[in-house]
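Take a look at the structure below.
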């Protein structure tokens, strides 16, 4: 068994244990293997080990890698979305995890209609109020939600967040709880289903699952430290 295959098995085992703790089915959690900065060969190796869902954050890096990989793979765009890249992103990425403003959502909906697509999106929430991160402030999201729900080309799956850095994985729990509770309030107030919670990465996905995560984004715990040079960048 390769290192990637062995790492994937460890992650799956940890997901199963976290689900047991929270009384959930492991099938309720989707593992997104974050393959940004890693070459197509690493993705292919993961796919051979049964991992079919991958996350990328830069269009210029992802596009050439995707061309030579199996069409059965599912791609999630997990990086900050630039308006001038939306038209190219939508045909390649059915899932977008970082719709961080109404302006971007509205523009994405317009382009999706032009292309005949219905992208599945997560609304990014800046739970910690950090200046370095994008996303709706919780009160802003509540104020904008009615308008967001009128964008019929967007299939809003739920909410996404990256919590502030902390000393250990347990420190992220409060932020995951906050995102889940915000989602619950939005569902009740607007009478909609927002089943998805995209939260948790390599360092804290177990805590995220205990608090309701449906999508966890794990990269280094699968592929190792980012050391590959891609498009002139060192990951």
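The values are calculated or read from the model by the stated rules, or taken from the named source; none is laboratory data. Since this is a predicted model, take the numbers as computed values, not measurements. Methodologically, a virtual Cβ is constructed for each residue, glycine included, from the backbone with ideal geometry; neighbour enumeration extends over all protein chains shown.
Data for the structure
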{"quantity": "Per-region count, the range 129-140, residues more than 16 Å from residue 96 (Cβ to Cβ) and either surrounded by fewer than 17 Cβ atoms within 10 Å (Cβ to Cβ) or modelled with pLDDT of 95 or more (or both)", "calculated": "8"}
{"quantity": "Residue in the range 176-199 that is surrounded by 15 or more Cβ atoms within 10 Å (Cβ to Cβ), in contact with a strand residue (DSSP E or B) (Cβ under 7 Å, 6 or more places away or on another chain) and closer than 22 Å to residue 59 by Cα present", "calculated": "yes"}
{"quantity": "Which listed residue is over 18 Å from the mean Cα position of the chain (by Cα) and modelled with pLDDT of 95 or more, from 230, 192", "calculated": "192"}
{"quantity": "Residue within the range 67-77 that is more than 15 Å from the chain's Cα centre (by Cα) and within 18 Å of residue 218 (Cβ to Cβ) present", "calculated": "yes"}
{"quantity": "Meets criteria (more than 21 Å from residue 102 (Cα to Cα), in contact with a helix residue (DSSP H, G or I) (Cβ under 9 Å, 6 or more places away or on another chain), in contact (Cβ under 8 Å) with a residue 60 or more places away in the chain and in a loop (DSSP other than H, G, I, E, B)) for residue 165", "calculated": "no"}
{"quantity": "Looking only at the range 168-179, and only at residues there that are in contact (Cβ under 8 Å) with a residue 12 or more places away in the chain and over 13 Å from residue 127 (Cβ atoms), the one that is farthest from the chain's Cα centre (by Cα)", "calculated": "170"}
